[in-house]
1. Among the listed residues A:255, A:261, identify the single one that is within 12 Å of chain B (Cβ to nearest Cβ), more than 26 Å from residue B:145 (Cβ to Cβ) and more than 27 Å from the chain's Cα centre (by Cα).
2. Taking the range A:40-71 only, how many residues are part of a helix (DSSP H, G or I), at the interface with chain B (Cβ under 8 Å from one of its Cβ atoms) and within 22 Å of residue B:201 (Cβ to Cβ)?
3. Looking at residue A:313, is it out of contact with any strand residue (DSSP E or B) (no Cβ under 9 Å at 6 or more places or on another chain) and either within 11 Å of chain B (Cβ to nearest Cβ) or touching a residue at least 12 places away in the same chain (Cβ under 8 Å) (or both)?
4. For the range A:18-39, which positions are surrounded by fewer than 23 Cβ atoms within 10 Å (Cβ to Cβ), farther than 26 Å from residue B:88 by Cα and within 14 Å of another protein chain (Cβ to nearest Cβ)?
5. With the checklist (1) within 11 Å of chain A (Cβ to nearest Cβ); (2) surrounded by fewer than 24 Cβ atoms within 10 Å (Cβ to Cβ) in hand, flag the one item residue B:18 doesn't pass.
6. If residue B:244 passes every condition in (1) more than 23 Å from the chain's Cα centre (by Cα); (2) without any contact (Cβ under 8 Å) to a residue 12 or more places away in the chain; (3) assigned by TED's automatic domain parsing to the domain that holds residue B:118 but one, which one does it miss?
7. Check B:124, B:91 and return the single one that is assigned by TED's automatic domain parsing to the domain that holds residue B:205 and surrounded by 24 or more Cβ atoms within 10 Å (Cβ to Cβ).
8. Pairs, please: C-beta under 6 Å, at least 6 apart or cross-chain, first residue in contact (Cβ under 8 Å) with a residue 24 or more places away in the chain and more than 14 Å from chain B (Cβ to nearest Cβ) and in the range A:88-109, second surrounded by 24 or more Cβ atoms within 10 Å (Cβ to Cβ) and assigned to a helix (DSSP H, G or I)?
């Protein structure tokens, strides 16, 4: 296979920079593996490693600092057959830390080449996540206070199935890269090198020193036995193939004659856990069964199972404009939390409006007709209060009728849940 | 006609599928989460990919990668996520990567209120990128718009190779509404135009009239270069001032010069009205109720313009629709953002502002009072 080097754009690295050796080693690897230019995408990060894509004739994507793995993930998931190689420096590794960890956990078949030269070369030699604490960098004393990251240990802990460490100055570089690219899964190759423009101007770092340090470090030998598992895209395809097609949305036909004309507003004021929102939905569906339009707007705290839960339902015989409350016709006051949250709503209730109020709820003064209900006495649990009050409304032909409500229950629930909902309705209207 | 009871977020997801979306990535955030949940339920069984990113930056990054591989892609978030998207939005603008971005706005600033609505990101969506080049922002009013405008957003992203925002709001996204699926408008689906020349493929070469480069996917037969760096037509870094200027001008003009083709709006009331209410998004519903109240109260010379394309500013539309009005009321769920554009376009007119940022919808009565007694 021919070289994939871009002849019209020769590498422009500083004299002696390890990056240039990596460019040629990567080219040798791709040629040896017989990969054609259009079967390879090089996704490059920012900094000197971000120049890599321009030196090859392959597909290329160069984006923002630390984000190369994000583009590579999208590319590979869309086109799993493509060989995707990410080049990133120790800078990108630091700023893109969350993406690195997630890529390790995910195990998508990408190759990450970390061009690790222990500093931010392009911006003037500032310290990076891998700068030794005793090195002289352009960040003054700051790197002395921090511990450098061991890339291989990090990615192994995060679940990468392959992590290798090598010197960019060794003869076997192309073979090291080939092993990483050939690995089926997320493979990280931590390539140590010298930044002649910045780092080695103030710090002594020879090929022998790099080799010696690498040899003395644990890990970084390639495949990590305990992290071996199926590759992500293959796993995704298998999981996807096993999915049943989604259920189409429930469609409600108008089977009943509507009981009301114009616009009517119902507010359910309760507490989290009282199935307020489900009841609001049932009310809307019951009205839709009579060909009416409906909207439902809810208010609750972001905590689950605590605090107020409020549902505002509007039914109308024409398209509904404003989705907030103008003049509620009916308030279902089912828990103190809900009523307290909406105290202001009571002041302007017109005399014709109705409040169905649980016996244990204190109401603010209002001009509405108030119907007190002792749910406990009727054997209705707090979680069933909302549905029970809908049953009471329906029994007195307010907004919806009992057949409309029962039809909505049948569309919304099945099996045990439906049976229990029907029982609640029955219990609510028993004398 | 049978109806379903659906929230705006679900309608956006269904609109995306109808438009040919094959890739979605998102990170959970109230009030946008149900878009992710719906995409997860619908997209993989249909052969597409739905991912949960490790954060918002990754989610949109995945989308940009997938889009460059030729997939129609969408992501969805709220204000805090848009903040994190910023650098990737700039990439999508400058490097002409089609993507649909849904912002289900919530009350800010910052993390603000997760379950309270607002339209506080309207200028942020326009200007929250480095370089300041234009974007397209569409604003739905209801569930029906969520479906239709999402389809249109994909068509625009593909046609113009750019990010297209849907500026939704908690009050639309998480409000359910009866809607007939069969009656939803379904615009014809448009796919991005492939490069078809016989010359060497240059990834950013565009003809002078269309101003949009032909697309080839990364991973296809011909190697494709994509870069966030300042580039010429060949996709390599350039320092040539003329080449740089030509690309920047093209990116600016490809959207601004075509705004008339995608100026979406709705108008209610007489063309000749002396008072014109201008609004967008969820407030369009209150304004419509307010308009009916005004007409009932005898104030007949009032009309309403609901803008559904906010950016680029549909200047001709706004000027034409307000030609007969001597008084303009701009209604927004913020403390005054789009009103700046209206004042800029109509310096000789009395432009009043009605807005609030308290987590509550603007009430029709507030608008009616301002129109009739303001």
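1. Values: A:261 fails: within 12 Å of chain B (Cβ to nearest Cβ).
Step by step, each of A:255, A:261 is checked, and only A:255 is within 12 Å of chain B (Cβ to nearest Cβ), more than 26 Å from residue B:145 (Cβ to Cβ) and more than 27 Å from the chain's Cα centre (by Cα).
2. Within the range A:40-71, residues that are part of a helix (DSSP H, G or I), at the interface with chain B (Cβ under 8 Å from one of its Cβ atoms) and within 22 Å of residue B:201 (Cβ to Cβ) number 3.
3. Against the criterion (out of contact with any strand residue (DSSP E or B) (no Cβ under 9 Å at 6 or more places or on another chain) and either within 11 Å of chain B (Cβ to nearest Cβ) or touching a residue at least 12 places away in the same chain (Cβ under 8 Å) (or both)), residue A:313 does not qualify.
4. Correct list: A:35, A:36, A:37.
5. All conditions pass for residue B:18, except number (1).
6. Residue B:244 satisfies every listed condition except (2).
7. None of the others qualify; the one that does is B:91.
8. Within 6 Å, the pairs are A:89/A:49.
The values are calculated or read from the model by the stated rules, or taken from the named source; none is laboratory data. Keep in mind it's a predicted model, so treat the numbers as computed, not measured. Neighbour counts are summed over all protein chains in view; Cβ atoms, including those assigned to glycine, are modelled from backbone coordinates with ideal geometry.
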